[in-house]
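The values are calculated or read from the model by the stated rules, or taken from the named source; none is laboratory data. Computed from a predicted model, the values in this text were never measured in an experiment. Counting neighbours? That spans all protein chains shown, and the Cβs are built from the backbone with ideal geometry, glycine included.
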Amino acid sequence: MNSLSWWRDAAIYQIYPRSFRDSNGDGEGDIAGVISGLDYLASLGIDAIWLSPFYTSPNRDGGYDVANPRDVDPRFGTLEDAKDLIAQTHKRGLKIIFDIVPNHFSSDHLWFQAALRSAPGSAERARFHFYDGKGPDGQLPPNNWNSVFGGPAWTRVKEQDGSLGQWYLHLFDTSQPDLNWENPEVASDFEETLRFWFDLGVDGFRIDVAHGLAKDEINVNHRDPEGLTRALRFDAAATDQAERKALLQDIPFFDREGVHQVYRSWRKIFDSYDPPKMGVAEAFINPTSRIARYVRPDELHQAFNFDFMMSNWNSDEMKTSITRTLAELGEVGAAATWVLNNHDSSRVRTKLGDETRAKSAALLIHALPGGIYIYQGEELGLPDGDLPDEARQDPVFFRTAGADKGRDGCRIPLPWEAEKDAYGFSTGKPWLPQPKNWQKFSVDQEENDSESFLNFYRKSLNIRKSNPALGGESPITWVATSPGILYFTRPFGLHVLINVSENSQTLDISEGGSILLASHSNVQLHAGTLELPANSGVWLQY
Ligand code: ISL
């Protein structure tokens, strides 16, 4: 890890604070809970943590509805706790990044409350996207855009005199009014937020909906509102991925040119610190070549690689995505990132359908040049949990009338201790019910099992950190081999082979190597013959 550009090959662990660990028995995780887990996190072999939002929020979208970006919600603790977390993280030699949500505020934010009290055309309304409706009485929304969470992207307000009035834009929930980035007050407020946390020692930011801040003309309808809905659905199975990719290229509020100006000005702020701060873009866009534009030398440092994350368990698809990623990012000199899942997606174990594949996917990305992101619980091999509909909280579930189950299944509180209530997550009732059979995934059980998923991740991450053949950005060289196998080498004698097929394969390879790590003990190497069972993977050291 190079200290100035530490993020280029870092392993960054995503914490969803609400579900990490609860210190006060209210059933929701908190900052003190994160602090109590830091030794565990440091033992994994990671370089940094990223925390999803814990700011003041009515919590209608898991805290991505921010009412005050420069304070901590009491459910999570206090500003002092956040300062303590930063100090304690640094003490363990880890970096810490927070989440910034520039596309929208919560409707509870003072600015939005002031906008509701103010007249159409006022300076207060100009910080958001307030428009008159269409139709004789303004009863129709200003355009036909849909919200990412389902339903229309517009809500009509009541004016001060009680009459139905203007409409405001919300690409997500009604409680998340979009900010108007053409208004300089918006830009300066976010600069203040960046500096506020940077001055407290935060090392960087993950930028929520980084592709959404600039919008096309509001007065123009989108020609294919149904396509828009299909492109935006969270349920990956609901739309064919090829169709989704095509549809994503034509969204009037995503990936517009105006966003780049914002990141160029943020970069100046990042670089004004010593050492410089970093930013990672959450930009869900296509084609992938567009992603490289967010990480040009004067913009952000990283962008999540959703193209790879959404690839199927298919060797051609995965290889194409890897090759394209490295080529496109290489052109702008940016480091790649590799992500298997996050708090918005299905967990990788569930997505790929079994444990061996999930381990092999980790062996693959932990051996690729660039940075990796790990979503809390991934290191335990957690699957998504089944939830009764009554327990669901994600606005996606409600706004699609249950057609899309939403993202709660991947947000279930972590199991820490097999024999304790709530698996040691909390002494109270967890905010989402944990499945009955999660003892086996608990940290304490996995700690004591040398063959556990956790100990596999620990080995993988610690080797990645200490062995010069892994991590870093040295190139990969593909080796021609049997169909269904991904085989590449990296300098310092590392050979990576992943069997992305349902057939066990016997491969003749060069002699002299030894197994550094394998997804399963049934991967065998004898002289120049490698037995690679279905879905398994291996690192060989020559
Ligand atoms: O646009 C998309 C296609 O469905 C999304 O993947 C989009 O990039 C994503 O919804 C943005 O997610 C982020 O912002 C949301 C929040 O609910 C998510 O948890 C967060 O990761 C709104 O702030």
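Values as computed for the structure displayed
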| read-out | value |
| --- | --- |
| Verdict on L44 being closer than 30 Å to P369 by Cα, away from the ligand (no atom under 13 Å from the Cβ) and assigned by TED's automatic domain parsing to the domain that holds G371 | yes |
| Single condition I96 does not satisfy, out of (1) within 16 Å of the ligand (Cβ to nearest atom); (2) within 27 Å of A11 (Cβ to Cβ); (3) touching an Asp or Glu at 6+ places or on another chain (Cβ under 8 Å) | (1) |
| Qualifying position, being in contact with a His (Cβ under 7 Å, 6 or more places away or on another chain) and within 15 Å of the ligand (Cβ to nearest atom), among D208, D178, D173 | D178 |
| Residues satisfying the stated conditions in region 344-355, i.e. of a type outside the set (D, E), in a helix (DSSP H, G or I) and in contact with a Phe, Trp or Tyr (Cβ under 9 Å, 6 or more places away or on another chain) | V348, R349, K351, L352 |
| Test: residue in region 413-428 that is of a type in the set (S, T, N, Q) and in contact with a helix residue (DSSP H, G or I) (Cβ under 6 Å, 6 or more places away or on another chain) | no |
| Pick from region 390-430, criterion more than 22 Å from F441 (Cβ to Cβ) and aliphatic (A, V, I, L, M), ranking: nearest to the ligand (Cβ to nearest atom) | V396 |
| Elements of type helices (runs of 4 or more DSSP H) in region 390-473, at least 1 residues being within 22 Å of Y64 (Cβ to Cβ) and in contact (Cβ under 8 Å) with a residue 24 or more places away in the chain | 395-399 |
| Subset tally (residues that are touching a residue at least 24 places away in the same chain (Cβ under 8 Å), out of contact with any strand residue (DSSP E or B) (no Cβ under 9 Å at 6 or more places or on another chain) and farther than 17 Å from R256 by Cα) for region 211-243 | 7 |
| Residue within region 227-236 that is within 12 Å of the ligand (Cβ to nearest atom), small (G, A, S) and touching a helix residue (DSSP H, G or I) at 6+ places or on another chain (Cβ under 7 Å) present | yes |
| Residue ID - farthest from the ligand (Cβ to nearest atom), chosen from residues in region 356-389 that are hydrophobic (A, V, I, L, M, F, W, C) and in a loop (DSSP other than H, G, I, E, B) | A367 |
| Residues satisfying the stated conditions in region 243-285, i.e. small (G, A, S) and away from the ligand (no atom under 16 Å from the Cβ) | G258, S265, S272 |
| Test: residue in region 470-482 that is of a type outside the set (S, T, N, Q) and within 26 Å of T350 (Cα to Cα) | no |
| Condition met for D189 (assigned to a loop (DSSP other than H, G, I, E, B), surrounded by 15 or more Cβ atoms within 10 Å (Cβ to Cβ) and of a type in the set (D, E)) | no |
| Hits in region 324-339 (condition: surrounded by fewer than 19 Cβ atoms within 10 Å (Cβ to Cβ) and without any contact (Cβ under 8 Å) to a residue 40 or more places away in the chain) | R324, A327, G330, E331, G333 |
| Subset of region 135-151 [aliphatic (A, V, I, L, M) and either surrounded by fewer than 19 Cβ atoms within 10 Å (Cβ to Cβ) or more than 11 Å from the ligand (Cβ to nearest atom) (or both)] | L140 |
| Selection from region 157-188 of residues that are of a type in the set (G, A, S) and touching a Leu at 6+ places or on another chain (Cβ under 8 Å) | none |
| The lone exception for S106 - which of (1) surrounded by fewer than 19 Cβ atoms within 10 Å (Cβ to Cβ); (2) within 16 Å of the ligand (Cβ to nearest atom); (3) closer than 30 Å to A82 by Cβ it fails | (1) |
| Qualifying residue in region 491-503 (condition: in a loop (DSSP other than H, G, I, E, B), polar (S, T, N, Q) and assigned by TED's automatic domain parsing to the domain that holds W416) | no |
| Filter result for D61 (assigned by TED's automatic domain parsing to the domain that holds Y457, of a type in the set (D, E, K, R), touching a Phe, Trp or Tyr at 6+ places or on another chain (Cβ under 8 Å) and farther than 19 Å from E379 by Cα) | yes |
| Region 276-292 residues that are in contact (Cβ under 8 Å) with a residue 60 or more places away in the chain, paired with ones that are away from the ligand (no atom under 15 Å from the Cβ) and of a type in the set (F, W, Y) (beta carbon under 6 Å, 6 or more apart) | P276/F270; K277/F198; K277/F270; M278/W7 |
| Members of region 250-267 found to be charged (D, E, K, R) and either closer than 17 Å to S5 by Cβ or buried (at least 20 other Cβ atoms within 10 Å of the Cβ) (or both), listed by number | D255, R267 |
| Check on D408, more than 30 Å from W6 (Cβ to Cβ) and either surrounded by 20 or more Cβ atoms within 10 Å (Cβ to Cβ) or under 23 Å from the mean Cα position of the chain (by Cα) (or both) | yes |
| Residue match in region 345-364 (condition: closer than 20 Å to L51 by Cβ and surrounded by fewer than 22 Cβ atoms within 10 Å (Cβ to Cβ)) | yes |
